[in-house]
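Scroll down for the structure; my scribbles are underneath it.
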2 protein chains.
Amino acid sequence: MLVNGIPGNTISIRDRGLLYGDGVFRTLRASQGKVQHWPLHYQKLQHDCHALGIACPSFDLLSAELGELLVRHPDGVVKLIVTRGLGMRGYVPPAGGEPTRIWDVSPLPQYPSDNVTRGIKARVCDLRLSAQPRLAGIKHLNRLENVLAAAEWDDAEIAEGLLLDADGHVIEGTRSNLFLVVHGGLVTPDLSRCGVAGGQRERVMAWAVQHNVSLQVRDVSLDEVLQADELFLVNSIIGLWPVRELQQRCWDAFPLAARIAQYLESGEA
Amino acid sequence: MLVNGIPGNTISIRDRGLLYGDGVFRTLRASQGKVQHWPLHYQKLQHDCHALGIACPSFDLLSAELGELLVRHPDGVVKLIVTRGLGMRGYVPPAGGEPTRIWDVSPLPQYPSDNVTRGIKARVCDLRLSAQPRLAGIKHLNRLENVLAAAEWDDAEIAEGLLLDADGHVIEGTRSNLFLVVHGGLVTPDLSRCGVAGGQRERVMAWAVQHNVSLQVRDVSLDEVLQADELFLVNSIIGLWPVRELQQRCWDAFPLAARIAQYLESGEA
């Protein structure tokens with residue numbers, strides 16, 4: 001655990017990350033002292049900081065801190081938070097403020113191996129995501145919608161919940177991005193009004209382009225999700241989970257998802 | 001500064017208040033060792049905790065901590081934050097978790113006395129609030145919309161910005177609630193889809209009922225705001241500020257606002 005480069009596990013109660021959720025984060029998978037796709041994550045961090053007007057710490061500085069962390073914790077889930085830092089009272093962002101850099105490591109969660117091979121059971125959450133184009137796509141610290149959605153069920157059989165917006169479009173999972181296979185091509189929801197554009201989503205999209213598989217980023221209805229040929233969820237920790245069951249619909253073959261999962265696991269750029 | 005009853009100014013980097021903005025807060029005005037309307041604020045804290053499924057600390061516990069704080073800091077802005085506390089990794093709220101209680105005090109801001117007597121210049125923010133009925137009204141820690149809106153202007157002449165929703169309804173100020181005087185009665189925006197229902201708003205509404213002044217809580221358009229007989233903004237720190245100028249419209253008399261301001265300042269229940 002590092003806070004602004006110093007070993008420690010606390011931050012100031014005046015940090016704007018706590019006061020307003022005024023910051024962004026990344027979740028990385030560390031394995032044998034290496035983190036997968038760190039440059040991609042940094043690029044997304046930089047994008048998200050820019051969108052909020054937070055001065056993103058340099059790649060060199062964060063890479064050095066990550067290296068230090070991995071020496072002591074070679075395996076696990078690495079979380080990096082960058083907040084706008086300390087502020088005077090009030091919402092107005094202080095000029096020239098120094099961002100806070102927070103690194104934490106937790107053990108890798110133990111998911112059933114079936115999640116990857118057989119696929120998971122998913123549900124549709126009751127909570128509807130709100131539309132805020134200014135924050136859409138950003139992995140920021142205002143995550144109460146995800147918390148409320150994740151609290152909706154406690155059936156351990158259900159591994160993930162799908163989130164819809166108020167217009168009934170399917171946007172994402174509570175902690176993952178969604179892809180549909182339709183007529184051999186990939187479809188993933190448009191995230192310009194809500195949702196988080198994860199790093200793993202980007203890798204799947206890059207795979208489609210590289211392999212001449214058609215890719216559409218657009219609004220997707222629940223009906224369309226239920227009628228997809230395959231359905232799968234991705235994030236940097238779980239990798240790729242096909243969906244085996246959603247509402248009354250069941251799937252039992254995931255040929256395209258399996259190819260993509262193999263690529264994601266191979267760790268290729 | 002107290003954290004869980006112990007003098008200190010830090011919290012864990014694993015506190016869900018930081019990780020997800022998973023908590024609520026109150027802002028109180030302390031004067032000569034007393035805080036105004038503490039029972040009302042506690043009631044609202046309890047309501048907000050309940051809405052998020054956070055176990056609200058007891059009135060006695062928080063009152064004791066507040067008393068301790070006021071001995072050392074008799075005057076200033078007192079901020080109370082209650083988060084869901086520490087959690088394992090992931091959005092799912094831990095069962096039986098212990099909330100974190102955070103108290104902080106800052107000096108009272110020095111606003112021009114003209115703000116109260118002559119009224120302020122306000123502007124309309126570009127940012128549009130998103131609609132989320134599950135979080136509407138709650139003073140929670142997901143405040144990035146307020147941060148983005150407050151960052152829109154740096155003209156010191158403009159004391160507050162008004163926030164509209166995506167449908168063009170006027171909802172509130174970036175850190176205050178809004179009232180219109182229309183035909184001698186009060187109108188305040190409906191906060192069932194977005195906005196924060198502040199303690200001072202509640203007191204103004206109670207005043208209207210006590211004084212047989214008609215009160216409507218409903219959707220309000222910007223046109224209607226610009227055509228109001230009087231316009232004013234309230235919160236627990238500023239008290240009541242009439243609006244003297246908004247877009248091309250100017251106001252120079254605030255008879256009803258002045259009566260209400262007097263009542264709010266008197267500190268009556």
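The values are calculated or read from the model by the stated rules, or taken from the named source; none is laboratory data. The structure displayed is predicted, hence computed values, not measured ones. Neighbour counts are summed over all protein chains in view; Cβ atoms, including those assigned to glycine, are modelled from backbone coordinates with ideal geometry.
For segment A:49-60, the criterion of being of a type in the set (A, V, I, L, M, F, W, C), free of Cβ contacts under 8 Å to residues at least 24 places away in the same chain and part of a helix (DSSP H, G or I) is met by at least one residue.
The rows are residues; the columns are (1) in contact with a Gly (Cβ under 6 Å, 6 or more places away or on another chain); (2) modelled with pLDDT of 95 or more; (3) farther than 18 Å from A:Gly90 by Cα.
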| residue | (1), (2), (3) |
| --- | --- |
| B:Ser113 | no, no, yes |
| B:Val124 | no, yes, yes |
| B:Gln132 | no, yes, yes |
| B:Ser176 | no, yes, no |
| B:Phe179 | no, yes, yes |
| B:Thr188 | no, yes, yes |
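On the given criteria, is B:Gln262 out of contact with any Gly (no Cβ under 7 Å at 6 or more places or on another chain) and surrounded by fewer than 12 Cβ atoms within 10 Å (Cβ to Cβ)?
Considered against the rule, which asks whether it is out of contact with any Gly (no Cβ under 7 Å at 6 or more places or on another chain) and surrounded by fewer than 12 Cβ atoms within 10 Å (Cβ to Cβ), B:Gln262 comes out as yes.
Per the listing B:Ile13, B:Ile81, the residue uniquely among the hydrophobic types (A, V, I, L, M, F, W, C), buried (at least 18 other Cβ atoms within 10 Å of the Cβ), outside the structural domain of B:Ala197 (by TED's automatic domain parsing) and under 30 Å from A:Gln110 (Cβ atoms) is B:Ile13. Every residue in segment B:24-53 that is within 11 Å of another protein chain (Cβ to nearest Cβ) and at positive phi, please. If the condition is that a residue be within 11 Å of another protein chain (Cβ to nearest Cβ) and at positive phi, then B:Gly53 is the only one that fits. Going by the conditions given, is B:Leu86 surrounded by 22 or more Cβ atoms within 10 Å (Cβ to Cβ), more than 10 Å from chain A (Cβ to nearest Cβ) and within 24 Å of B:Lys44 (Cα to Cα)? Answer is no for this residue. For segment B:96-120, taking the residues that are closer than 19 Å to B:Leu162 by Cβ and surrounded by fewer than 17 Cβ atoms within 10 Å (Cβ to Cβ), the one that is farthest from the other protein chains (Cβ to nearest Cβ) is identified as B:Arg118. Looking only at residues in segment A:146-170 that are touching a strand residue (DSSP E or B) at 6+ places or on another chain (Cβ under 9 Å) and more than 11 Å from A:Cys125 (Cα to Cα), the one that is nearest to the other protein chains (Cβ to nearest Cβ) is A:Ala166.
Table: residues versus (1) in a strand (DSSP E or B); (2) β-branched (Val, Ile, Thr); (3) under 21 Å from A:Glu265 (Cα atoms); (4) under 21 Å from the mean Cα position of the chain (by Cα).
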residue: A:Cys194; (1), (2), (3), (4): no, no, no, yes
residue: A:Gln200; (1), (2), (3), (4): no, no, yes, yes
residue: A:Arg203; (1), (2), (3), (4): no, no, yes, yes
residue: A:Ala208; (1), (2), (3), (4): no, no, yes, yes
residue: A:Leu226; (1), (2), (3), (4): no, no, no, no
residue: A:Leu231; (1), (2), (3), (4): yes, no, yes, yes
residue: A:Leu240; (1), (2), (3), (4): yes, no, yes, yes
residue: A:Val243; (1), (2), (3), (4): yes, yes, yes, yes
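Only one of the numbered conditions (1) crowded, with 19+ Cβ neighbours inside 10 Å; (2) without any contact (Cβ under 8 Å) to a residue 12 or more places away in the chain is not met by B:Pro93, and that is (2).
Restrict the check to segment A:141-154 and report whether at least one residue is in a strand (DSSP E or B), surrounded by fewer than 22 Cβ atoms within 10 Å (Cβ to Cβ) and either in the same structural domain as A:Trp38 (by TED's automatic domain parsing) or of a type outside the set (Asp, Glu) (or both). Scanning segment A:141-154, I find no residue that is in a strand (DSSP E or B), surrounded by fewer than 22 Cβ atoms within 10 Å (Cβ to Cβ) and either in the same structural domain as A:Trp38 (by TED's automatic domain parsing) or of a type outside the set (Asp, Glu) (or both), so the answer is no. There is no residue in segment A:54-67 that is of a type in the set (A, V, I, L, M, F, W, C), farther than 24 Å from A:Leu135 by Cβ and either touching a strand residue (DSSP E or B) at 6+ places or on another chain (Cβ under 6 Å) or within 14 Å of chain B (Cβ to nearest Cβ) (or both).
Applying the set (1) touching a Gly at 6+ places or on another chain (Cβ under 6 Å); (2) not in a helix (DSSP H, G or I) to B:Lys44 leaves exactly one unmet item: (2).
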